Amino acid sequence: MTTRVSRVVQEYVLWTDAVQYGIRGRIVEHLDADPKERFGWEVSHHFKPSASAFGVYRPSAVTGATVEEATGQLMAYLRGFQNINVEPNSRY
């Protein structure tokens, strides 16, 4: 069994006219991780980036060596949020 301990460092809420609820995102510090992947981000909902896209976009680049790197990745995802096939993230 794998156990991972993480600490929430920052939390954000995106309010947009696209959906009627807040989209939450958080920066976490993985306490036992490799320094290059020490910080990561998670988001409460995923979305389809366009009507013609194949499916919901679940980003693969979700870790970084610094809080600033992880925050930049999270903010880029939140700023691109579209109300197309929005799905809750079951791991949030």
- request: Given the peptides 8-16, 26-34, arrange them by the average over their residues of other C-beta atoms within 10 Å, most packed first.
  value: 26-34, 8-16
- prompt: Counting alpha carbon pairs within less than 8 Å and at least 6 residues apart, what relative contact order, in whole percent, applies to the chain?
  reply: 26 percent
- line: Between residue 5 and residue 58, the two model label points (7 Å from Cα along the beta-carbon direction) sit apart by a distance in nm of 2.8 nm
message: Ignoring everything except DSSP H segments at least 4 long, calculate the 222 nm mean residue ellipticity for the chain; use -39,500 (n - 2.57) per segment, divide by total residues, nearest 500.
response: -4500 deg cm²/dmol
- prompt: Dimensions of the stretch 24-92 along principal axes (Cα, Å, largest first)?
  reply: 38, 21, 19
- request: Work out how much length residue 12 to residue 86 would gain on full extension: take 0.36 nm times their residue separation and subtract the Cα-Cα distance, in nm to one decimal.
  value: 24.8 nm
- request: Return one number: the angle in degrees, 0 to 90 and rounded to the nearest 10, between the long axis of the Cα atoms of helix 67-79 and the longest principal axis of the Cα atoms of the chain.
  value: 10 degrees
- request: Name the residue farthest towards the positive end of the dipole of the stretch 6-88 from the options 62, 25, 84, assuming +1 on Cβ of Lys and Arg, -1 on Cβ of Asp and Glu, about the Cα centre.
  value: 84
- request: Can you tell me how much longer the chain between residue 37 and residue 50 gets when fully stretched, taken as 0.36 nm per residue apart minus their C-alpha distance, in nm with one decimal?
  value: 1.7 nm
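Read the figures in this text as sums done on the coordinates, not as results from a lab. Since the structure is predicted, the reported quantities are computational estimates derived from the model, not experimental observations. Glycine also receives a Cβ, built like all others from the backbone with ideal geometry; neighbour counts cover every protein chain displayed.
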